[in-house]
Amino acid sequence: MDLSWSESEQAFRAEARAWLEENLAAWHAEHGGRDAIASGDTRTGFSQHLTWERRLHDGGWAAVSWPIAYGGRDASLWEWLIFEEEYYRADAPPRVTQNGIFLLAPTVFEFGTPAQQAHILPRMAAAEDLWCQGWSEPDAGSDLAAISSRATRVDGGWRLDGQKTWTTRGAFCTHLFGLFRTDPASERHRGLSYLLVPLDTSGVTVQGFGRLDGDEGFAEVFFNDAFLTDDAVPGGVLLGDEGAGWRVAMATTGSERGLTLRSPGRFLATAARLIELYSAAMSAAADGSPTAPGQRMGRRLHSLRPGLRERIAEAWMRAEAYRLFTLDTVTRLAGGAVMGADSSINKIWWSELDCDLHDLALELLGPGAEVEGPWSKGWQFSLSGPIYAGTNEIQRNIAAERVLGLPRR
Ligand SMILES: Cc1cc2nc3c(=O)[nH]c(=O)nc-3n(C[C@H](O)[C@H](O)[C@H](O)COP(=O)(O)OP(=O)(O)OC[C@H]3O[C@@H](n4cnc5c(N)ncnc54)[C@H](O)[C@@H]3O)c2cc1C
C-alpha cells in the first residue's frame, strides 16, 4: 500500500489551494465581506451561494471528477478527495447544489440514458438546474417503502398526486428527484418509479418552512393532479425502468452514505479547528492573564475535564481513520466495486464523529456556545447527521442484517 500522493496529485492540490484562496477572497469581497454572507438555507443566502457555485463552475471546480463535457475536469476520485480536503481546509461555503451533484448525479451516471446525462449533468454543474430530493412523506420517513405519492400513466406523461416533506432547500430549487408509486396494485418496495420533476410543473406547489434554527431550509411539496409530460426533462422524466424505483433509489443512498455526501475533508478540517481551539485555550491559560477567556477555559479544562485532551486526540484519530478508510473505498470503486449495504456503517461513522467533534468544541467553549459563536451553527447541524440520509437506528438494522447476516429478530 502506497499512501503517498504522486507529483501530479500534489500539483493538483496546489492548484486547487491557490484557486480557492484567491476566489474565496474575491467572493467574500463581492458580497461585502464574509460576515455579510447569509446561510445558504435562507433565500438571501441561497442566491449569494449560487454566485459561488457559478464561480466554481467557471473555474472547472464544480464537479471535478466528471467528464469535461459535463462541466467537470476529468479528475480521478482520489483527486476529488484532495479537492474536498482543500475545500474544507479553506473553509469554503457549504455546497447548496449538493443534493444534485452528490446525490442525484452518481445515479444519473449509473442509470441515466446518454440523452438524460447530456441534458441534466451540464446544467446541474453550472447551477442552472437546482435539484432537491423528494423522498420522505409525512407518513413515510424511515419506512420509505410506505410512500403513497402516486404517478399515474396517462397519454404523453404522468399525473402526480401526493405530498413530500423535509425537502432540503426545496423552496429555492428548480427540480425534484422523487419516488412515486406507479403501480397502484403494488406494495412496499415494488411498483415504485424514480421521476425527475421540474418544480414549475402546473399542479406542483412548494411551500418552504423554517427549521428550529430559524433558517427556512425545508419545504413541503404538494402534487395535486400535476401533469408531468414525458419530455418535461429532455431525455425523459423516468430515471431507470418503470417500477424499478427502489433499486435506483438504493443506488442513490449507497453513494450518498458511502462516499459522496460527506467526504473525509470535512471532518479533517473540523478536527484541525478543534485542536487549534484546544491549543489556543492552553496557551492563554499558560499566559496567566486572569481575564482572558482562554485562562478561564484553561482552568476549567484542567480542573473539570481531565480526559478532554485524550478525547480530542481520539476524535482526530477517528477523522484520520475515516480518511484512510475512504481511500480504500475509492480504490475498491476504481476496481469496479459498487456501494452496498456497508455504506450504512460509513454513514454511522461520519455522523457520530461530527457530533463528537462539535460536542468537544462546546465543552471547551463552555455554556452559551450552543447558541452563539463560531461553533454554534455547525453543532446544531451536527445533531441532524444521525437523522438525514436515513437514521442511524435504521443504518444499524441494515448493517446487522445485511452486512453481518444477523437474524431479523
Ligand atoms: C437535515 C435534514 C435534511 C433532510 N433532507 C431531506 C430531503 O432533502 N429529502 C427527503 O426526502 N428527506 C429529507 N430528510 C428527511 C429524512 O430522510 C427523515 O427525517 C428520516 O428518514 C427519518 O424519517 P422521519 O423523520 O419520518 O422519522 P421516523 O421514520 O418517524 O423515525 C422516528 C424515530 O424512530 C426510529 N425508527 C423508525 N423505524 C425504526 C426501526 N424499524 N428500527 C429502529 N428505529 C426505528 C428512527 O430511527 C427515529 O429515531 C431530511 C432530514 C433532515 C434531518
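The values are calculated or read from the model by the stated rules, or taken from the named source; none is laboratory data. A quick note: this is a predicted structure, and the numbers were derived from the prediction, not measured. Here the Cβ is made from the backbone with ideal geometry for all residues, glycine too, and neighbour counts use every protein chain on show. Ligands, DNA and RNA are excluded from the accessible area calculation, which covers all protein heavy atoms including side chains. Shrake-Rupley method; radii C 1.70, N 1.55, O 1.52, S 1.80 Å.
Taking the stretch 1-104 as the region of interest, the helices (runs of 4 or more DSSP H) fully inside it that hold 2 or more residues being of a type in the set (S, T, N, Q) and over 23 Å from Glu128 (Cα atoms) are 7-30. Annotation: Leu103 fulfils all but one of (1) in contact with a helix residue (DSSP H, G or I) (Cβ under 9 Å, 6 or more places away or on another chain); (2) more than 30 Å from Gly245 (Cβ to Cβ); the unmet one is (2).
Among residues of the stretch 208-223 being more than 12 Å from the ligand (Cβ to nearest atom) and in a loop (DSSP other than H, G, I, E, B), the one that is surrounded by the most Cβ atoms within 10 Å (Cβ to Cβ) is Glu216. Any residue at all in the stretch 378-386 that's of a type in the set (Gly, Ala, Ser), more than 8 Å from the ligand (Cβ to nearest atom) and more than 19 Å from Arg257 (Cα to Cα)? Yes, the stretch 378-386 contains a residue that is of a type in the set (Gly, Ala, Ser), more than 8 Å from the ligand (Cβ to nearest atom) and more than 19 Å from Arg257 (Cα to Cα). Just a yes or no: is a residue in the stretch 136-149 under 27 Å from Trp66 (Cβ atoms) and of a type in the set (Ser, Thr, Tyr)? No, there is no match, as no residue in the stretch 136-149 is under 27 Å from Trp66 (Cβ atoms) and of a type in the set (Ser, Thr, Tyr). Filtering Arg396, Arg409 for residues that are open to solvent by 50 Å² or more (accessible area, probe 1.4 Å), within 14 Å of the ligand (Cβ to nearest atom) and without any contact (Cβ under 8 Å) to a residue 12 or more places away in the chain leaves a single hit, Arg409. Going through the stretch 137-156 one residue at a time, which ones are farther than 17 Å from Val237 by Cβ and either in a loop (DSSP other than H, G, I, E, B) or among the hydrophobic types (A, V, I, L, M, F, W, C) (or both)? Matches in the stretch 137-156: Pro138, Asp139, Ala140, Gly141, Ser142, Asp143, Leu144, Ala145, Ala146, Ile147, Ser148.
Would the stretch 356-372 turn up any residue that is within 16 Å of the ligand (Cβ to nearest atom), in contact (Cβ under 8 Å) with a residue 40 or more places away in the chain, open to solvent by less than 70 Å² (accessible area, probe 1.4 Å) and part of a helix (DSSP H, G or I)? Looking for residues that are within 16 Å of the ligand (Cβ to nearest atom), in contact (Cβ under 8 Å) with a residue 40 or more places away in the chain, open to solvent by less than 70 Å² (accessible area, probe 1.4 Å) and part of a helix (DSSP H, G or I), one finds at least one in the stretch 356-372, hence yes. Checking each residue in the stretch 131-176 for being more than 12 Å from the ligand (Cβ to nearest atom) and of a type in the set (A, V, I, L, M) picks out Ala151, Val154, Leu160.
Apart from one condition, Val338 fits all of (1) touching a Gly at 6+ places or on another chain (Cβ under 8 Å); (2) surrounded by fewer than 19 Cβ atoms within 10 Å (Cβ to Cβ); (3) closer than 20 Å to Arg266 by Cβ; the exception is (3). With respect to the conditions (1) in contact with a helix residue (DSSP H, G or I) (Cβ under 6 Å, 6 or more places away or on another chain); (2) assigned to a loop (DSSP other than H, G, I, E, B); (3) of a type in the set (S, T, N, Q), Ser186 lacks only one, and its number is (1). Checked against (1) assigned to a strand (DSSP E or B); (2) more than 14 Å from the ligand (Cβ to nearest atom); (3) farther than 15 Å from Trp246 by Cα; (4) touching a Ser or Thr at 6+ places or on another chain (Cβ under 8 Å), Thr205 passes all but condition (4). Out of Trp52, Trp66, Trp19, one residue alone is open to solvent by 40 Å² or more (accessible area, probe 1.4 Å) and more than 15 Å from the chain's Cα centre (by Cα). It is Trp19.
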